[in-house]
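The values are calculated or read from the model by the stated rules, or taken from the named source; none is laboratory data. What you see is a predicted model, and the numbers here were worked out from it, not measured in a lab. When we count neighbours, we look across all protein chains shown, and the Cβ atoms used for this are built from the backbone with ideal geometry, even at glycine. Keep in mind that these areas ignore ligands, DNA and RNA; they rest on the heavy atoms of the full protein, side chains included. Shrake-Rupley method; radii C 1.70, N 1.55, O 1.52, S 1.80 Å.
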Protein chains: 2
Amino acid sequence: MSDRYVVIGGVAAGMSAASRIRKVDPKAEVIVLEKGDHISYSACSMPYYIARPESDVSELVVLSVADAKEKRGIDVRTHHEVTAIHPAQRTVSAVQHPSGREHAFRYDRLVIATGAAPRSMDYPGEELPHVVVLRNLDQGIDIKRRIDSGVKKAVLLGGGYIGLEMCESLRARGADVTLITHRSAPMAHLNSDIVKTIIETLDRNGVTRISGIPVERITETGVRLADRHVDAGLVLIGKGVRPNAAIAESAGIRLGAEGAIGVDSRMETSISGIFAAGDCAESLDRITDKKTFVPLGTVANKHGRVAGLNAAKETARFPGVINSAQLKLFEMELGHTGLTAEAAEDAGFDPVEIHITSSSGAHGYPDRYPIQVCMVGDRKSRRILGAQLIGQKGVAHRVNVLATAIFNGNTVDEFSMFDLAYAPPFAPVWDPVLVAAQVLEKKMGR
Amino acid sequence: MSDRYVVIGGVAAGMSAASRIRKVDPKAEVIVLEKGDHISYSACSMPYYIARPESDVSELVVLSVADAKEKRGIDVRTHHEVTAIHPAQRTVSAVQHPSGREHAFRYDRLVIATGAAPRSMDYPGEELPHVVVLRNLDQGIDIKRRIDSGVKKAVLLGGGYIGLEMCESLRARGADVTLITHRSAPMAHLNSDIVKTIIETLDRNGVTRISGIPVERITETGVRLADRHVDAGLVLIGKGVRPNAAIAESAGIRLGAEGAIGVDSRMETSISGIFAAGDCAESLDRITDKKTFVPLGTVANKHGRVAGLNAAKETARFPGVINSAQLKLFEMELGHTGLTAEAAEDAGFDPVEIHITSSSGAHGYPDRYPIQVCMVGDRKSRRILGAQLIGQKGVAHRVNVLATAIFNGNTVDEFSMFDLAYAPPFAPVWDPVLVAAQVLEKKMGR
C-alpha cells in the first residue's frame, strides 16, 4: 500500500514539502490542508501588488489549486482548518469552512507548516475596521481595495521590512504616509550610519517619521500618541510575527526557540514521523550555533524542501540560517547578513565593526553611486560575523557574496583576497566588500 | 640605513606594491620606474572614456604622479624604461626618455610589474596608421581622438572582453562597427546558450558580426577577409596579451605559465628578494591547482599588494585565482567564474553542465528580466567548478556569489541550501543560482 502524507498549510513551506514528497514518492497520496482560499502565493510580493492600481491578485499566485491537483497530483483541500493532531492515532482533525463540518485525516507521515501570525501590540483600538495587518493574501487584497477606494492617509506602526516596503507602496499610490516606530528609528538595530541613510531615504521620499514616542491607542480617525494625534484612514500594524505552534504543542510536540516548533536538522519534531517547516518552526543559527526563529520566505521554502525529502525517506539536512535579508526602499537597496555588532556581543563574540563608503562603479566610470558597507568580525577567530550594505545600485547581490562567505565561516583575511569578477560599470577594481574586509583586517590588527 | 625598494612599472600592480611597501615600512625609499607618462590609471575604464565625447582623460587617473610623490612619498620616475636587471649587483639599468640617458638604480628588494603587451596576429598591414590596440592610456587617448575627429567605420578584430566593450563604446559614438572573430562566435568558449544571447545582444544593437572567416590582411581602407573586404577607418586589434617578461628572463629569473614570470605564493620569483606582480606574473589556479596566466586588473592589484607586503618583510600569501570576470554588453550583464565544461574536462574533472533560465525578480514583481545560469560541477567530488550568467539585471554580483562558493570549494549540495538574502525586486524566493545548483544536483544524481 502506498504511503499517505498529510501537510498542514499550503503556502511556501507546505507546498515545497508536498511537491518534494510527490517527486520522490510518485505513488504516495499527498494531502494538503489549507485553511484559506489560496495556496502557494508570493506573500513577499504583496507590497508591489498593492503599489500598482492595475495589478491583479492572480499575478501573486505561483501555483493554483487546480494546477496543484491536476498537474502535480497533490490533493489540496482549501478551507480546511486543522484543529488537532493525534500522534497516537496518526490522524489530524480539521474543520471545513464555512460548513463547519469536521473531518479526520489519517497519515503515515505529517508535515506541519502552519506559518506565523501577526504579533499583537495590545493597543486599544486594534479591533477597529481601519486597522489592518499584511500577512496573508486576503489581507493584501483587502488593503489594495481600501487604497483603490481612496484612502489618502496611512499610518504604519512598526519599522520592519514590511513596514518599510509598504511606505514605498503607499507613497506610490499617492498616500500621505506616517511611519511610527517604537525604537529611535526604523531598523535601529543596524549600524548607525546605515540607519542614517534609511532615515534620509524616507525623508527624501516624503514619508513622515515619528520615532520613540509611545502609542496610546488607535482611534476611529487615526492613532493617538503621547504627544499628538495622527489622522489616518488606514492603520497597518507591522510588529513582527509569532509562530502558529498551538496545535503542535497540544499534540505534545516540543516547542523550541521563541515558541516555534522544535526540530532537528532533518526538520523532524520531537515526535517521530512528524516534521515541521516554515514560519512555525525554529532554525539553527549557524553563526551562534543556537536555535533561532527566522520567519522568512527563503527559509520556509528550504525548510519545506528538507522536511518533504525526509518525510519521503530521503536524507536531507537543513544547514541553518545566518539571517540574510534585503529590501528595496524607494531608490535604495538595503541588505544584511549575519550578526550585528550588538548581536555578536550578546552571543559571546568579541566583535570589531567597521563602516566604509565606496562606489558602485570604477574610477572613470560615469554612472556610479555610493555604496556603504558595514562589516562585523570576531577579534579572536577573525571570522566575518555579519555585514550590512546600503546604496542605490549593486547592493542586493553583493550582500549575498558576504552571506556565502559567512556561511562558509571565512575569516576576514581569507575573504579580502577572493577572486571576485570586476568590470567598471559594476565595481571598483577592489570591490567594496573586499575594501571593507581590508579595513576590518587592519582594525583587528595583523 | 633604510631599505631601498625599486618597483618596475607604475600602473595597477606596481603602484599597489609601492603603496603597500610605503605603509609597512615608512622609512624606506620606494622608487617606481615607469616607462610611460602616467601611473595608476583605470585601464579597464578606457572603453567608457572613449564612449563619451565630453570625458577627460583625467577621469581615468586614480593617482597622479604629483600626488604619489607628495602625498604618498613614493619616488615615481616616469619615462624611465628599465632595460636590464642585475641580480648579482642588485641594480637595474634604465633609459630615460626622450633624452636616452642611462641610469642605474640600486635596490635591496625589487618588484617587477612590467605588465603585458598586445599579442600580434602577424596580419600583413598591422603597421598601418589606422590600426590600433587598446592597452595603455596613450592608446586610449589616441583612439578617442580618432573617433572625435570623425571616424565612422570601425573593425574590431577579436571577440574578447575589450573587443565587446569597445563594440558598445563605438556604437555609442555612432560608428558602424564590425566585429570579426576567428572562432565561430565571440566568447565561443562559453556555454552555447550564453553565447547565443551574446550574439543576439550584438545583433540587436546593430553590431555587424563576421565569424570564422580568415583575415588575409589589413588594407589601407579596411580589412581583407577570405571572401570580402570590410571598409574601416579604424581597426582595433584585441587578440589578448603576452606577459612582458623579457628583462626578467634575461636576468636569469625562471619563467612559468605561458611565459609569465614564475612566482611562489608570496609572489617571489626564483631569485630571492625579487618579486613579480600583475600581468607579467603567473598565478595559481585554485581549481586545477596548476599555474596559469590571468592578465586582469583585479588580479594585478592583489598581486601587487601581496608582493609589496612580502617585499617589506610582512607575510602575505596570494591564494590564487578562479578566473572570475564580468562585462557590461549594451543592456546586458555577463559574468563567469571558474571553469567551463571544456576546461574542466581538460583539467581531468568529470564535468556535468546545466543551463537554466530564471528571473531577476519574484513572481508578482512587475519589473523583471530573464537570467540565464550555466553551472558546471564535478561528478566525483560534487564540487562546483564554474558558472556563467547573463541577463539584463542582477548578474554582475550574482556571479560573485558563485565565485565565493567556488573559492571555498563548496559542493553543489552545500551551496543549494545557502541562506541568501531575498526580496521580490531582486530575486525569486529561490535565487537563480540556488535553482541552478538544485538542477545540477539532480543531473549529478543523488
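Pairs are defined by a Cβ separation below 7 Å, a sequence spacing of at least 6 or placement on different chains, a first member in segment A:318-333 that is in contact (Cβ under 8 Å) with a residue 12 or more places away in the chain and at the interface with chain B (Cβ under 7 Å from one of its Cβ atoms), and a second member that is basic (Lys, Arg) and assigned to a strand (DSSP E or B); no pair meets this definition. So which helices (runs of 4 or more DSSP H) are wholly in segment A:357-446 and hold at least 3 residues that are open to solvent by 10 Å² or more (accessible area, probe 1.4 Å), polar (S, T, N, Q) and touching a helix residue (DSSP H, G or I) at 6+ places or on another chain (Cβ under 7 Å)? Passing ranges: none, list empty. Here residue B:274 meets the list (1) under 24 Å from residue B:400 (Cβ atoms); (2) modelled with pLDDT of 95 or more almost entirely, failing just condition (1).
Residue B:48: within 13 Å of another protein chain (Cβ to nearest Cβ) and of a type in the set (Phe, Trp, Tyr), yes or no? In short, yes.
Screening residue A:27 with (1) under 21 Å from residue A:312 (Cβ atoms); (2) not in a loop (DSSP other than H, G, I, E, B) gives one miss only, at (2). When each of B:147, B:162, B:141 is tested for being touching a Leu at 6+ places or on another chain (Cβ under 6 Å), of a type in the set (A, V, I, L, M) and part of a helix (DSSP H, G or I), the lone residue that passes is B:162.
Applying the criterion of being within 17 Å of residue A:12 (Cα to Cα) and of a type in the set (A, V, I, L, M, F, W, C) to the residues of segment A:298-317, the residue that is farthest from the other protein chains (Cβ to nearest Cβ) is A:311.
Residues in segment B:54-65 that are open to solvent by 50 Å² or more (accessible area, probe 1.4 Å) and either touching a His at 6+ places or on another chain (Cβ under 8 Å) or away from chain A (no Cβ under 12 Å) (or both): B:59, B:62.
So if I check each of B:142, B:148, B:176, which one is within 23 Å of the chain's Cα centre (by Cα) and more than 16 Å from residue B:240 (Cβ to Cβ)?
On the way: B:148 fails: within 23 Å of the chain's Cα centre (by Cα); B:176 fails: within 23 Å of the chain's Cα centre (by Cα).
Exactly one residue qualifies, and that residue is B:142.
In this structure, is residue B:349 among the aromatic types (Phe, Trp, Tyr) and under 27 Å from residue B:267 (Cα atoms)? Judged against the criteria, residue B:349 is not a match.
Residues of segment A:257-278 include at least one that is part of a helix (DSSP H, G or I) and touching a helix residue (DSSP H, G or I) at 6+ places or on another chain (Cβ under 6 Å). Counting only residues that are within 9 Å of chain A (Cβ to nearest Cβ) and of a type in the set (A, V, I, L, M, F, W, C), segment B:373-395 holds 1 of them.
Selection of segment A:256-267 for residues being surrounded by fewer than 20 Cβ atoms within 10 Å (Cβ to Cβ) and either at pLDDT below 95 or at negative phi (or both) yields A:257, A:262, A:264, A:265, A:266. Residues that are surrounded by fewer than 15 Cβ atoms within 10 Å (Cβ to Cβ), of a type outside the set (Gly, Ala, Ser) and over 15 Å from residue A:33 (Cβ atoms) occur at least once in segment A:129-139. Each residue in segment B:165-182 was checked for being touching a residue at least 40 places away in the same chain (Cβ under 8 Å), open to solvent by less than 10 Å² (accessible area, probe 1.4 Å) and in a strand (DSSP E or B), and 1 of them qualify. Among the residues of segment A:1-39, those identified as of a type in the set (Val, Ile, Thr) and buried (at least 24 other Cβ atoms within 10 Å of the Cβ) are A:6, A:7, A:8, A:11, A:21, A:30, A:32, A:39. Within segment B:222-229, is even one residue out of contact with any Pro (no Cβ under 8 Å at 6 or more places or on another chain), assigned to a loop (DSSP other than H, G, I, E, B), more than 14 Å from chain A (Cβ to nearest Cβ) and surrounded by fewer than 18 Cβ atoms within 10 Å (Cβ to Cβ)? The answer is yes; a qualifying residue exists. For segment B:298-345, filtering for residues that are in a loop (DSSP other than H, G, I, E, B), among the aliphatic types (A, V, I, L, M) and touching an Asp or Glu at 6+ places or on another chain (Cβ under 8 Å) leaves 2.
Within segment B:66-85, the set of residues being open to solvent by 40 Å² or more (accessible area, probe 1.4 Å) and among the hydroxyl-bearing types (Ser, Thr, Tyr) comprises B:83 only.
Entry remark, segment A:124-164: residues being free of Cβ contacts under 8 Å to residues at least 24 places away in the same chain and among the small types (Gly, Ala, Ser) number 2 in total.
Filtered by the rule that a residue be within 27 Å of the chain's Cα centre (by Cα) and small (Gly, Ala, Ser), segment A:67-83 gives a lone residue, A:68. Close contacts from segment B:183-205, counting a first residue that is open to solvent by 60 Å² or more (accessible area, probe 1.4 Å) and a second that is small (Gly, Ala, Ser), with Cβ to Cβ under 6 Å and a gap of 6+ residues or different chains, come to B:184/B:211; B:184/B:212.
Is at least one residue of segment A:396-419 over 20 Å from residue B:322 (Cβ atoms), more than 9 Å from every other protein chain (Cβ to nearest Cβ) and of a type in the set (S, T, N, Q)?
Just the residues of segment A:396-419 that are over 20 Å from residue B:322 (Cβ atoms), to begin with: A:396, A:399.
Within this subset, residues satisfying the condition of being more than 9 Å from every other protein chain (Cβ to nearest Cβ) are none.
No, because not a single residue in segment A:396-419 is over 20 Å from residue B:322 (Cβ atoms), more than 9 Å from every other protein chain (Cβ to nearest Cβ) and of a type in the set (S, T, N, Q).
For first residues located in segment A:299-312 and of a type in the set (Lys, Arg), partners that are outside any helix (DSSP H, G or I) and lie 6+ apart or on another chain with Cβ distances below 8 Å form the pairs A:302/A:318; A:302/B:417; A:302/B:419; A:305/A:316. When segment A:69-115 is filtered for residues that are small (Gly, Ala, Ser) and closer than 26 Å to residue A:283 by Cβ, the ones remaining, listed by number, are A:84, A:113, A:115.
Looking at segment B:354-383 only, could you name the residues that are touching a Leu at 6+ places or on another chain (Cβ under 8 Å) and at pLDDT 95 or above? Working first, answer last.
As a first pass, look at segment B:354-383 and keep what is touching a Leu at 6+ places or on another chain (Cβ under 8 Å): B:354, B:363-364, B:371-378.
Those that are touching a Leu at 6+ places or on another chain (Cβ under 8 Å) and at pLDDT 95 or above: B:354, B:371, B:372, B:373, B:374, B:375, B:376, B:377, B:378.
Scanning segment B:281-297 for residues that are away from chain A (no Cβ under 11 Å), within 12 Å of the chain's Cα centre (by Cα) and either buried (at least 22 other Cβ atoms within 10 Å of the Cβ) or within 24 Å of residue B:377 (Cβ to Cβ) (or both) turns up just one, B:293.
Taking the criterion of being of a type in the set (S, T, N, Q) and under 15 Å from residue A:338 (Cα atoms), the residues of segment A:354-410 that qualify are A:388, A:400, A:404, A:408, A:410. Mind listing whichever residues of segment A:99-120 are assigned to a strand (DSSP E or B), in contact with a Ser or Thr (Cβ under 8 Å, 6 or more places away or on another chain), closer than 22 Å to residue A:16 by Cα and not aliphatic (A, V, I, L, M)? Selection gives A:105, A:106.
Residues in segment B:306-339 that are within 17 Å of the chain's Cα centre (by Cα) and not hydrophobic (A, V, I, L, M, F, W, C): B:320, B:323, B:324, B:326, B:328, B:333, B:335, B:336, B:337, B:338.
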